[in-house]
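Below is one structure; the comments refer to it alone.
The values are calculated or read from the model by the stated rules, or taken from the named source; none is laboratory data. If you're wondering where the values come from, they're calculated on a predicted model, not measured in any experiment. Ideal geometry is used to build each Cβ from the backbone, glycine not excepted, and the neighbour counts take in all protein chains shown.
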Amino acid sequence: MVSIRRLKNLVTDSMGIDIGTASVIIAVKGRDIVVDEPSLVAINEITGEIVAYGQEAADMRGREGRDITVVAPLSNGVIADFERAKSLLSHFVKKARSGGTQVVTEAVIGVPSEITPVEQRALLHAAEEANINKIYMMEEGLAAAFGAGVSPEDKRASAVVDIGASTTNIAIVAKGNVIHSRSDSIGSNEINEAIATHVRRHRGLQIGEETTEKLKTDFVTAYLPDDLSKSIVIRGRDVITGNPSAVEITVGELYPVVEAIVRRVALVISDTLTELRPEVAADIHDRGILLTGGGALLHGIDRYLAEKVSLPVLVPDEPRYAIVRGLLQMFDEPLLMEKVTRREPDLIQNAEVPFEV
């Protein structure tokens, strides 16, 4: 009979990891989503120590103590601050593990289609420091397609547009391969910045990131609203007096601010579609576009994009989790895993310049 201790030693955690500019999302085989927190750390500026991660750090933002700074270690979907990104990933991988010192961890990590060899190695080193024993990397566009329901065996082409916090990735996939891709530096964070800038310049009110995010998720729309006069009271700091203040703002006032950014996404999609071969274009015409990522949750964006690109736009259930669920799916299909992912030796061999920590 195998002892309980021996069984514990044989446990393997198989993880899909979507580490993005805005969020770290980890799914574990058999447990689904176990981590979904902001990609933020809070730093004590005097000691350099990280004092909070994820949601705890986000809750400090705008209300930090004078010696505390909240920072995002990733930018445009890749590591910008290695030491802090390493700590962030280690913290959440530890949180996601089943427990026990002998748990073997293997992970498929999503990466942008245009990631450089040096950026890959930075992510590889961070994953190794997080005690992940076996590391694979997979294009986010392909993972999003699988996570949104596209079959790896499907010979016909499918188009997936993943709108993240800082980038929009477009992937055309067929039979388990990316046959065309494009990445552009447009993301939902731009909407936050545009809203905050508009309110500051035109209404004389400085608002915090929490207020801006709430406006984006609960109030504004990408599609022309039926009732332009719908309003909300927002609070912040008067830019002239510095005193606490509040203004009433309408959805009609903010609509052009949001639409200007979503229009750029539509233009990128349209440009990408013109680059496709005739057979692929025919498939996309029949099937439309799958919209994933956090940006897919912006009210009215599917309807807006459908009108602009003259194609159906479909949003799957829980579009924020499409990438991580596509990554996790690889553990059920080992042959496909070997086909579509890159392993650690390949990443090291293909790096053009050494990565130094």
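Looking at Ala148, Ala127, Ala143, which one is under 18 Å from the mean Cα position of the chain (by Cα) and either surrounded by fewer than 21 Cβ atoms within 10 Å (Cβ to Cβ) or farther than 27 Å from Ile186 by Cβ (or both)?
Of the residues listed, the single one that is under 18 Å from the mean Cα position of the chain (by Cα) and either surrounded by fewer than 21 Cβ atoms within 10 Å (Cβ to Cβ) or farther than 27 Å from Ile186 by Cβ (or both) is Ala127.
Out of all the residues in region 237-251, which are touching an Asp or Glu at 6+ places or on another chain (Cβ under 8 Å) and either closer than 17 Å to Asn192 by Cα or surrounded by 15 or more Cβ atoms within 10 Å (Cβ to Cβ) (or both)? It would help to see each step written out before you state the result.
Applying the first criterion (touching an Asp or Glu at 6+ places or on another chain (Cβ under 8 Å)) to region 237-251 yields 244-245, 251.
Ser245, Val251 - these are the residues of region 237-251 that are touching an Asp or Glu at 6+ places or on another chain (Cβ under 8 Å) and either closer than 17 Å to Asn192 by Cα or surrounded by 15 or more Cβ atoms within 10 Å (Cβ to Cβ) (or both).
Is it the case, given these coordinates, that Asp184 is closer than 22 Å to Gly300 by Cα, surrounded by 15 or more Cβ atoms within 10 Å (Cβ to Cβ), of a type in the set (Asp, Glu) and in contact with a strand residue (DSSP E or B) (Cβ under 9 Å, 6 or more places away or on another chain)? It would help to see each step written out before you state the result.
Numbers: closer than 22 Å to Gly300 by Cα: yes; surrounded by 15 or more Cβ atoms within 10 Å (Cβ to Cβ): yes; of a type in the set (Asp, Glu): yes; in contact with a strand residue (DSSP E or B) (Cβ under 9 Å, 6 or more places away or on another chain): yes.
Spelling it out, Asp184 is indeed closer than 22 Å to Gly300 by Cα, surrounded by 15 or more Cβ atoms within 10 Å (Cβ to Cβ), of a type in the set (Asp, Glu) and in contact with a strand residue (DSSP E or B) (Cβ under 9 Å, 6 or more places away or on another chain).
Could you list, in sequence order, all residues of region 184-228 that are modelled with pLDDT under 95 and in a strand (DSSP E or B)?
If the condition is that a residue be modelled with pLDDT under 95 and in a strand (DSSP E or B), then Asp184 is the only one that fits.
Select from region 100-110 the residues that are crowded, with 22+ Cβ neighbours inside 10 Å and at pLDDT 90 or above and write down the one among them that is farthest from Lys29 (Cα to Cα).
At the first step, the residues of region 100-110 found to be crowded, with 22+ Cβ neighbours inside 10 Å are 105, 107-110.
Next, from what is left, pick out any that are at pLDDT 90 or above: 107-110.
Details: Ala107: 10, Val108: 11, Ile109: 14, Gly110: 16 Å.
Only one residue tops the list, namely Gly110.
Which of the residues belonging to region 28-86 are of a type in the set (Ser, Thr, Tyr) and over 21 Å from Asn189 (Cβ atoms)? Let's see the steps before the verdict.
Applying the first criterion (of a type in the set (Ser, Thr, Tyr)) to region 28-86 yields 39, 47, 53, 69, 75.
The answer is Thr47, and nothing else.
Of the residues Ile4, Ile25, Ile46, only one is at pLDDT 95 or above and among the aliphatic types (A, V, I, L, M); which?
Values: Ile4 fails: at pLDDT 95 or above; Ile46 fails: at pLDDT 95 or above.
Being at pLDDT 95 or above and among the aliphatic types (A, V, I, L, M) holds for just one of Ile4, Ile25, Ile46, which is Ile25.
Applying the selection to region 283-312, what residues are farther than 25 Å from Lys214 by Cβ and outside any loop (DSSP other than H, G, I, E, B)?
Asp283, Ile284, His285, Asp286, Arg287, Ile289, Leu290, Ala306, Glu307, Lys308, Val309
Within the set of pairs 6+ apart or on separate chains, which have a first residue in region 160-175 that is crowded, with 24+ Cβ neighbours inside 10 Å, a second that is acidic (Asp, Glu), and C-beta atoms under 6 Å apart?
Sorted first by the residue in region 160-175, then by its partner, the pairs are Asn169/Glu140; Asn169/Asp162.
Gly147 - would you say it is touching a Lys or Arg at 6+ places or on another chain (Cβ under 7 Å) and on the phi > 0 side of the Ramachandran plot? Before you say what the answer is, go through the steps one by one.
On the way: touching a Lys or Arg at 6+ places or on another chain (Cβ under 7 Å): yes; on the phi > 0 side of the Ramachandran plot: no.
For Gly147, the condition - touching a Lys or Arg at 6+ places or on another chain (Cβ under 7 Å) and on the phi > 0 side of the Ramachandran plot - is not met.
Against the definition (modelled with pLDDT of 95 or more and touching a His at 6+ places or on another chain (Cβ under 7 Å)), how does Ile163 come out, yes or no?
Values: modelled with pLDDT of 95 or more: yes; touching a His at 6+ places or on another chain (Cβ under 7 Å): no.
So Ile163 fails the test.
Counting only residues that are under 23 Å from Leu40 (Cβ atoms), give me the strands (runs of 3 or more DSSP E) lying completely in region 65-183 with at least 2 of them.
Numbers: elements: 68-71, 104-111, 134-139, 158-163, 168-174.
Output list reads 68-71, 104-111, 158-163, 168-174.
For region 269-309, what are the residues that are of a type in the set (S, T, N, Q) and surrounded by 15 or more Cβ atoms within 10 Å (Cβ to Cβ)?
Residues of region 269-309 that are of a type in the set (S, T, N, Q), as a first pass: 270, 272, 274, 292.
Within region 269-309, Thr272, Thr292 meet the criteria.
Looking for something over 19 Å from Val161 (Cβ atoms), in contact (Cβ under 8 Å) with a residue 12 or more places away in the chain and surrounded by 14 or more Cβ atoms within 10 Å (Cβ to Cβ) - is there at least one such residue anywhere in region 255-268? Walk me through it before giving the result.
Narrowing region 255-268 to residues over 19 Å from Val161 (Cβ atoms): 255-257.
Subset that is in contact (Cβ under 8 Å) with a residue 12 or more places away in the chain: 255, 257.
Subsequent filtering for residues that are surrounded by 14 or more Cβ atoms within 10 Å (Cβ to Cβ) retains 255, 257.
Checked against the condition, which is being over 19 Å from Val161 (Cβ atoms), in contact (Cβ under 8 Å) with a residue 12 or more places away in the chain and surrounded by 14 or more Cβ atoms within 10 Å (Cβ to Cβ), region 255-268 yields at least one hit.
Give me the pairs, please: first residue somewhere in region 123-141 and within 19 Å of Asn76 (Cβ to Cβ) and in contact (Cβ under 8 Å) with a residue 60 or more places away in the chain, second residue anywhere and surrounded by fewer than 24 Cβ atoms within 10 Å (Cβ to Cβ) and of a type in the set (Phe, Trp, Tyr), beta-carbon distance under 9 Å, and either six or more positions apart or on two chains.
Going by the 9 Å Cβ cut-off, the qualifying pairs are Leu124/Phe355; His125/Phe82; His125/Phe355.
Could you tell me whether Ile234 is in the same structural domain as Ser310 (by TED's automatic domain parsing) and surrounded by 12 or more Cβ atoms within 10 Å (Cβ to Cβ)? Outline the logic, then answer.
Numbers: in the same structural domain as Ser310 (by TED's automatic domain parsing): no; surrounded by 12 or more Cβ atoms within 10 Å (Cβ to Cβ): yes.
In short, no.
For Tyr321, indicate whether it is assigned to a helix (DSSP H, G or I) and either buried (at least 19 other Cβ atoms within 10 Å of the Cβ) or acidic (Asp, Glu) (or both).
Numbers: assigned to a helix (DSSP H, G or I): yes; either buried (at least 19 other Cβ atoms within 10 Å of the Cβ) or acidic (Asp, Glu) (or both): yes.
Judged against the criteria, Tyr321 is a match.
If I ask for residues that are surrounded by 14 or more Cβ atoms within 10 Å (Cβ to Cβ) and hydrophobic (A, V, I, L, M, F, W, C), which ones from region 39-70 would you list?
From region 39-70, those surrounded by 14 or more Cβ atoms within 10 Å (Cβ to Cβ) are 39-44, 50-54, 56-61, 64, 68-70; that's our starting set.
Those that are surrounded by 14 or more Cβ atoms within 10 Å (Cβ to Cβ) and hydrophobic (A, V, I, L, M, F, W, C): Leu40, Val41, Ala42, Ile43, Ile50, Val51, Ala52, Ala57, Ala58, Met60, Ile68, Val70.
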